[in-house]
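Engineer: I have a structure here, written as structure tokens, and I will follow up with some questions on it.
Please treat every number below as a calculation from the coordinates, not as lab data. The structure presented is a predicted model; accordingly, all values stated were derived computationally and were not measured. Cβ: placed from backbone, ideal geometry, glycine included. Neighbour counts: every protein chain shown.
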Amino acid sequence: MLTIFLCAALSAQPSNPITPLQAFREAEHAWATEGGRTWGQSLKGPFLLVDPGTRQVWASEADADGRLRKEAGFFAGTLTKEETISNTAVNWAGKRWSMVVLPLPEKAIERQVLFVHEAWHRIQPSLGLGMPNDPAGHLDKMEGRYWLRLEWRALAKALVSPQKARRPWVAAALACRTRRQALFGDAVEAERCLELTEGLPEYTGIRAAGARNLVLEKLRKAAGPFARSFAYTSGPAYGLLLDDRVPGWTRRVRRATDLSVLLQEAYLLPAATRADAEAAAGKLGGKELRVREEAEEVIRQQRLAAALDPLTKGPTLRLPGPFRTQFNPSNTEAIDGGGSYHPTATYIGDWGRLEVTGGSLRLRSPLEARVVAPADPKARPLSGPGWTLELAPGWTLSAIEPAGSFRLIPEKQGK
């Protein structure tokens with residue numbers, strides 16, 4: 001169970017454009033502006049603001065277990081190292097909270113989107129939308145990126161067009177999407193789930209903030225990797241187009257919903273063909289885009305090989321699941337076989353806490369994390385190139401193949 005230690009005073013707060021109290025007031029305003037109209041539920045609720053460096057936490061209200069101390073207009077404490085820190089929703093100290101990590105965005109409108117996004121995650125279970133959020137790895141491959149960018153170009157054109165002129169661009173976007181998903185067997189489900197789990201809360205924030213221009217900017221300029229981050233762009237785009245065509249569409253959303261299918265039905269569009277996709281590509285600058293994406297793919301493969309070779313061919317330290325992972329979706333890359341490469345991440349398991357700044361590999365089956373092997377397996381704390389590990393009592397390293405590699409095991413298992 002997580003333990004909270006009391007913080008000394010507000011003077012210990014980190015340097016940030018706004019104070020915690022101002023952040024809570026902005027969040028309250030954001031939730032009030034949304035007003036429960038999108039999902040039929042208020043987004044107002046417990047809110048945690050966390051400094052990842054000091055692990056200091058500020059809360060908008062008291063926790064149910066009395067672990068936080070009342071300050072001037074808020075409550076404060078310190079998270080232990082057992083608790084992961086991320087922009088998310090967490091069940092802690094008897095309540096379900098929205099958690100937001102410092103530093104906050106400098107622009108007020110981006111803060112508003114963020115506060116609404118994480119509040120949506122807090123009510124997500126009550127909406128019946130708890131979904132898998134596995135990466136859509138195909139979107140980091142050349143063909144996946146190519147057809148995704150074309151889809152986004154068409155969605156951008158649809159959003160800036162008068163409503164009566166949108167149908168051709170919506171059809172073009174769906175044709176590019178259909179073509180992409182036909183090329184990758186698991187694409188439909190992977191994209192659908194992420195657009196519900198991350199696209200819907202981002203859409204809710206964008207809608208509440210009136211931040212349509214942020215969506216257009218991302219559609220036109222968003223950079224990869226896309227395996228996890230794409231839904232923050234696609235979800236709001238589909239949501240805004242549905243708003244203008246089917247008011248109240250969010251009340252129809254269920255676990256099996258596909259946003260692209262809702263939009264297709266809204267515009268009474270037939271199923272797209274490969275010829276439709278090729279025609280759309282011609283209108284959307286597909287020729288020059290393909291040249292650019294092919295060049296980018298060469299660079300990506302070289303970069304990914306350089307990052308993965310030490311983790312797949314060289315001596316490694318392997319950390320078994322289960323564990324919790326804190327990572328940045330904007331720099332995470334999916335790899336073949338269902339794993340992910342995280343340049344930076346935090347892993348917390350029964351064996352301790354692993355902090356990674358120089359690359360790690362997370363595999364799904366069996367669940368394990370890998371880093372480059374430590375130079376001195378007897379050193380404490382354990383460390384290696386780009387990582388440190390606080391090893392929990394009762395765990396040790398066991399030598400495995402290839403030579404120089406180790407796996408963490410319980411000490412009793414090694415006897």
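Engineer: Pairs of alpha-carbon atoms within less than 8 angstrom and 6+ residues apart define the contacts here; what relative contact order does segment 137-284 have, in percent?
Structural biologist: In percent, rounded to a whole number, it is 34.
Engineer: Right, here's the next one. From the phi of every residue in segment 282-287, what ³J(HN,Hα) in whole Hz does the Karplus formula 6.51 cos²θ - 1.76 cosθ + 1.60 yield, where θ is phi - 60° and glycine or proline is x?
Structural biologist: Residue by residue, segment 282-287 yields x, 7, 10, x, x, 5 Hz.
Engineer: Below 8 Å, C-alpha to C-alpha, sequence gap of six or more: please give me the relative contact order for segment 238-367 in percent. Write down the numbers at each step before the final one.
Structural biologist: Values: 100 pairs, mean separation 19.2, N = 130.
It rounds to 15 percent for segment 238-367.
Engineer: Set Lys and Arg Cβ to +1 and Asp and Glu Cβ to -1, take the dipole of the chain about its Cα centre, and tell me which of ALA187, TRP97, THR388 lies farthest positive.
Structural biologist: Value: ALA187.
Engineer: Given TYR232, GLY282, LEU317, which one lies farthest toward the positive end of the charge dipole of the chain, if we put +1 on the Cβ of every Lys and Arg and -1 on the Cβ of every Asp and Glu?
Structural biologist: GLY282
Engineer: Moving to a separate point now. For the chain, set up a GNM with springs between Cα atoms under 10 Å and report which of LYS107, LYS218, LYS81 has the largest fluctuation.
Structural biologist: Maximum fluctuation in the GNM of the chain, among the listed residues, is at LYS107.
Engineer: Can you list residues from other chains, or at least 5 along the same chain, whose modelled amide H is less than 5 Å from the amide H of ILE400?
Structural biologist: Excluding prolines and chain starts, which carry no amide H, the hits are SER405, PHE406, ARG407.
Engineer: Considering the dipole of segment 310-414 built from charges on the beta carbon (Lys and Arg +1, Asp and Glu -1) around the Cα centre, which of ALA375, LEU397, VAL356 is farthest to its positive end?
Structural biologist: Result: LEU397, furthest along the dipole toward the positive end.
Engineer: Once you've got the GNM for the chain with C-alpha springs shorter than 10 Å, pick whichever of ALA227, ALA108, ALA281 has the biggest mean-square fluctuation.
Structural biologist: Greatest mean-square fluctuation among the candidates belongs to ALA108.
Engineer: Taking LYS107 as the anchor, which aspartates and glutamates have their alpha carbon closer than 18 Å to its alpha carbon, excluding any fewer than eight residues away along the same chain?
Structural biologist: Leaving aside aspartates and glutamates fewer than 8 places away in the same chain, those within reach of LYS107 are GLU26, GLU28, GLU118, GLU202, GLU217.
Engineer: For a quick check, take a GNM of the chain with Cα springs below 10 Å and name the residue from VAL113, VAL298, VAL100 with the largest mean-square fluctuation.
Structural biologist: In this elastic network of the chain, the residue with the biggest mean-square fluctuation among VAL113, VAL298, VAL100 is VAL298.
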